[in-house]
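Asker: Take a look at the following structure, please.
Please treat every number below as a calculation from the coordinates, not as lab data. Because the structure is predicted, anything quoted here is derived from the model rather than measured. Here Cβ is always computed from backbone atoms with ideal geometry, including for glycine, and neighbour counts include all displayed protein chains.
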Amino acid sequence: MPGNEGGNSDRILTSLGNYRDFYEQVKASRICIVGYGNQGRSQALNLRDSGFNVVVGNIDDSYAEIARKDGFRVMGIQDAVKLSDIIFFLIPDEVQASVFESDIRPSLSKGKTIVFASGYNYFYGFVSPPPDVNVIMIAPRMIGWGVRDVYVRGMGFPALVAVGQDADGRAEGIMLSLCEGLGIFRSGGCAVRSSFREETLVDLLTEHSWAGAMLFLFRAYYDVATSLGASPEAVILELYGSGELAEIAESMRNMGLFKQLRTHSTTSQYGQLTRGPLYVTDDVRKTLYNEAIKILNGEFAREWHQEQVSGGTVLRMSLRLSSEHPMEREEERLYRILGREGN
Ligand code: NAI
């Protein structure tokens, strides 16, 4: 097996390197995409357009219908896995463990390869494929439709990649060949060497820290600003309703986290740099660290599993409570006038 060389740094891979000949072998393999949702549809279409031989394994639901309409051969999951050399496991993380035991494990055999798009189930051992199967991860840092959109525009996208089990010495080559087929190595894209552990940590820590904190900080901002006489409309548009937040995120992506400050006024730059740190106290750092540990030691995963088996009461209650805040009603009113989605 040739090594992966040529134009790649240790961690950031931007090409197939020496696997070009091997790529042709992988291209001739039989591939099944289990799950035709956000990621499944985009990845299936990209691979097919790159010349791969793709079938879809799905339960008989509306997603299967979409796959048929897109011109794929659709079959039951067990049959699709039996027929295939490479299995993309692209159903929601919450149901992967049970579907793996009922429909995938019985059809797996020596030399097959299973591809995850997230680290979660393999890292925690909720899904543990037999040792004679290759296990790889190609986790796009991009939402499903984006994976297709950039491919159609001839561009690449970033993904975290890892080999979990190399059963027959081919796992790395298969992984990089699939990255090539998915369009990852096109302009603007790259595969970053990672691990199932790292992907799980950074993915969950994002959700548990700034993504969650932003929601509640916005709520607190709303409470304070309206108590001081600001109108709900002004606050909602200022925080996220105008789309400026999305533009800032886009500038961070294109220019860098702090370099995008150049696009703001100097008053804004001064305010952000002197007042921003006030909110990131030692307590906040401590919480961030403790929550990261709870991700790594499986405490959060056990809590979430327990929540699911006991009927999702906490999630339901939290969603209900979040919808009872006055900001929700004001947002609905404003969004209806603006003709926004979902209203
Ligand atoms: P999704 O929610 O879009 O999956 C829908 C598909 O799962 C459908 O084909 C449906 O038939 C199938 N499905 C649902 N429940 C099922 C069950 N009980 N038994 C059998 N099939 C079932 O999933 P999504 O969002 O594409 O996620 C797939 C994987 O990709 C996950 O591992 C996720 O962490 C990962 N991922 C998702 C991203 C996203 O943009 N949503 C981004 C990066 C990774």
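Asker: What fraction of the DSSP beta bridges in the chain is antiparallel, stated in percent and rounded to the nearest 5?
Answerer: Antiparallel bridges make up about 25 percent of those DSSP assigns within the chain.
Asker: Quick one: grab the alpha carbon gyration tensor of segment 145-295, order the square roots of its eigenvalues as a ≥ b ≥ c, and give me rounded if a/c is under 1.5, else prolate or oblate depending on whether a/b is larger than b/c.
Answerer: prolate
Asker: In a shell of Cβ-Cβ distance under 12 Å around LEU108, excluding LEU108 itself, what net charge do Lys and Arg (+1) and Asp and Glu (-1) give?
Answerer: 0
Asker: When only C-alpha pairs under 8 Å and at least 6 residues apart count, what is the relative contact order of the chain, in percent?
Answerer: Value for the chain: 14 percent.
Asker: In whole Hz, with x marking every Gly and Pro, tabulate ³J(HN,Hα) for segment 153-160 from phi via Karplus 6.51 cos²θ - 1.76 cosθ + 1.60, θ = phi - 60°.
Answerer: Taking θ as phi minus 60°, the curve returns 8, x, 10, x, 8, x, 8, 8 Hz for segment 153-160.
Asker: For segment 272-343, just say rounded, prolate or oblate: build the C-alpha gyration tensor, square-root its eigenvalues into a ≥ b ≥ c, call rounded for a/c under 1.5, and beyond that prolate if a/b exceeds b/c, oblate if not.
Answerer: oblate
Asker: Where does the charge balance sit around LEU182 when Lys and Arg score +1, Asp and Glu -1, over other residues with C-beta under 14 Å from its C-beta?
Answerer: +3
Asker: Within straight cross-link reach of LYS69, meaning Cα distance under 26 Å, which lysines are found once same-chain residues fewer than 8 apart are removed?
Answerer: LYS27, LYS82
Asker: Continuing with this model, one more query. Over segment 8-194, what is the relative contact order in percent, taking alpha-carbon pairs closer than 8 angstrom and at least six residues apart?
Answerer: Contact order relative to length: 25 percent.
Asker: List residues of segment 161-184, by number, whose backbone nitrogen lies under 20 Å from a label position 7 Å along Cα→C-beta of ARG197.
Answerer: What the label zone holds, given the 20 Å backbone N cut-off, is 161-167, 172.
Asker: Moving on to the next point. Can you work out the Karplus-derived ³J(HN,Hα) for every residue in segment 273-286? Use 6.51 cos²θ - 1.76 cosθ + 1.60 with θ = phi - 60°, whole Hz, and x for glycine or proline.
Answerer: Values per residue, Gly and Pro as x: 6, 8, 9, x, x, 4, 8, 9, 7, 4, 4, 5, 4, 5 Hz.
Asker: Counting alpha carbon pairs within less than 8 Å and at least 6 residues apart, what relative contact order, in whole percent, applies to segment 149-294?
Answerer: 18
Asker: Note the full-extension length gain between GLU324 and VAL284 as 0.36 nm times their separation in residues minus their Cα-Cα distance, in nm to one decimal.
Answerer: Using 0.36 nm per residue and subtracting the Cα-Cα distance, I get 11.7 nm.
Asker: Which residue fluctuates the most in the chain, going by a Gaussian network model with Cα springs under 10 Å, if the choices are ILE248, ILE104, ILE174?
Answerer: Among ILE248, ILE104, ILE174, the largest mean-square fluctuation in the Gaussian network model of the chain belongs to ILE248.
Asker: Could I ask something else about it? Apply the Karplus curve 6.51 cos²θ - 1.76 cosθ + 1.60, θ = phi - 60°, to the phi angles in segment 171-178 and return the couplings in whole Hz, x for Gly and Pro.
Answerer: Using θ = phi - 60°, the values come out as 4, 4, x, 5, 4, 5, 5, 5 Hz.
Asker: Mind sorting THR113, THR14, THR206 by how few other Cβ atoms lie within 10 Å of their own Cβ, fewest first?
Answerer: THR206, THR14, THR113
Asker: Still on this structure, I have one more. Does the chain classify as rounded, prolate or oblate by the C-alpha gyration tensor (a ≥ b ≥ c root eigenvalues; a/c under 1.5 gives rounded; else a/b over b/c gives prolate, otherwise oblate)?
Answerer: prolate
Asker: Still on this structure, please answer the following. Which loop chymotrypsin sites (Phe, Trp or Tyr not before Pro) in segment 151-215, with loop taken from DSSP, have no more than 10 other Cβ atoms within 10 angstrom of their Cβ?
Answerer: In loop regions of segment 151-215 (DSSP not H, G, I, E or B), there are no sparsely surrounded chymotrypsin sites (Phe, Trp or Tyr not before Pro).
Asker: Starting from the Cα gyration tensor of segment 229-306, multiply each eigenvalue by 5, take the square root, and state the resulting semi-axes largest first in whole Å.
Answerer: 31, 18, 16
Asker: Next up: Between the alpha-carbon centers of segment 232-296 and segment 107-144, tell me the distance in whole angstrom.
Answerer: 34
Asker: A follow-up question, please. Just VAL284, VAL192, VAL135 to compare: in a GNM of the chain, with alpha carbon springs under 10 Å, which one fluctuates most?
Answerer: Ranking VAL284, VAL192, VAL135 by mean-square fluctuation puts VAL284 first.
Asker: Test of understanding: in a Gaussian network model of the chain with alpha carbons linked when under 10 Å, which of ARG275, ARG30, ARG105 would top the mean-square fluctuation ranking?
Answerer: For the chain, modelled as a Gaussian network with Cα springs under 10 Å, the answer is ARG275.
Asker: Amide H of ARG30 versus every other amide H placed in the peptide plane: which residues, excluding those fewer than 5 positions away on the same chain, fall under 5 Å?
Answerer: ASP85, ILE86
Asker: Quickly rank 127-133, 268-274, 34-40 as a protection proxy: mean count of other C-beta atoms within 10 Å, highest first.
Answerer: Descending packing order for the listed peptides: 34-40, 127-133, 268-274.
Asker: Next up: Work through the residues other than ALA162 whose Cβ is under 12 Å from its Cβ and net out their charges, Lys, Arg +1 and Asp, Glu -1.
Answerer: Result for the local shell: -1.
Asker: Now for a separate question. Can you give me the long-range amide H partners of LEU160? Hydrogens built in the peptide plane at 1.01 Å from N, cutoff under 5 Å, separation of 5 or more residues or another chain.
Answerer: So LEU160 has HN proximity to ALA139, ARG141, VAL192.
Asker: Follow-up question, since we're still on this one. Calculate the FRET efficiency for ARG336 and LYS259 from the Cβ-Cβ distance with a Förster distance of 25 Å, rounded to the nearest 0.05.
Answerer: Efficiency computed from Cβ-Cβ geometry: 0.10.
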